[in-house]
Amino acid sequence: MAIRQIRKIGDDILNKQCKEVKEMNRRTRQLIDDMFDTMYEQNGVGLAASQVGILKQIVVIDVEDGNQYVLINPRIIEQSGSQTDQEGCLSVPGKHGTVTRPNHVKVRFLDENMEECELEGEEMLARAICHECDHLRGILYVDLVEGELMDNEEETD
Ligand code: NI
């Protein structure tokens, strides 16, 4: 288990286009494992490789639907409907904002065995897929936010 450092807004790497993954190897498997560890440690629901400083088209998602998704070279091939809700990002700590996303998406990608797969998601999963695929193109949700970026409430115990 290894927690990697999450790059924060203002770091140029977050605005860069990620490169396609051509083959699976030990290093990339380790990266994927570390991305899950890093995401869970920060209570996130998704993480893109660029957020840990690696410009590869890899995202991990866990929206607590019982699945751990690994999407390599993902392409959104269908989208429909619309949802408007709050969104945050581990690279923009302490903030959230309102973003409109498709309510349903279908994404084509390679899994960790480099097998071609498709996944359909609605609501929170659709939002996570869109948010993470944007990261791979160097786009942060703050570029899409409607109105002001807001501060998260202080956690109280
Ligand atoms: Ni994010």
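Computed on the Cα atoms alone, the convex hull of the chain gives a volume of 118 cubic angstrom per residue. A straight chain from I9 to E154 at 0.36 nm per residue would run longer than the Cα-Cα distance by 50.2 nm. Each other residue within a Cβ distance under 14 Å of D37 adds +1 if Lys or Arg and -1 if Asp or Glu, for a net charge of -2.
Per-residue 3J(HN,Hα) values for segment 66-72, derived from phi via the Karplus relation 6.51 cos²θ - 1.76 cosθ + 1.60 with θ = phi - 60°, read x, 10, 10, 9, 10, 10, 10 Hz in sequence order (x marks Gly and Pro). Applying both filters, DSSP loop and at most 13 other Cβ atoms within 10 Å, to the trypsin sites (Lys or Arg not before Pro) of segment 56-142 gives R137. Test of understanding: extend the Cα→C-beta vector of C117 to 7 Å, then name every residue of segment 68-82 with backbone N under 20 Å from that spot. Zone members listed by number: 68-79.
Per residue, the chain exposes 56 Å² of accessible surface when a 1.4 Å probe is rolled over the protein heavy atoms with every protein chain present.
Net charge in the neighbourhood of V107 (other residues with Cβ under 11 Å of its Cβ; Lys, Arg +1, Asp, Glu -1) is -1.
The values are calculated or read from the model by the stated rules, or taken from the named source; none is laboratory data. Bear in mind the structure is a predicted one, so any value in this text is a computation, not a measurement. Virtual Cβ from ideal backbone geometry, glycine too; neighbours counted across all protein chains shown. Accessible surface is based on the protein model in full, side chains and every heavy atom, while ligands, DNA and RNA are left aside. Shrake-Rupley method; radii C 1.70, N 1.55, O 1.52, S 1.80 Å.
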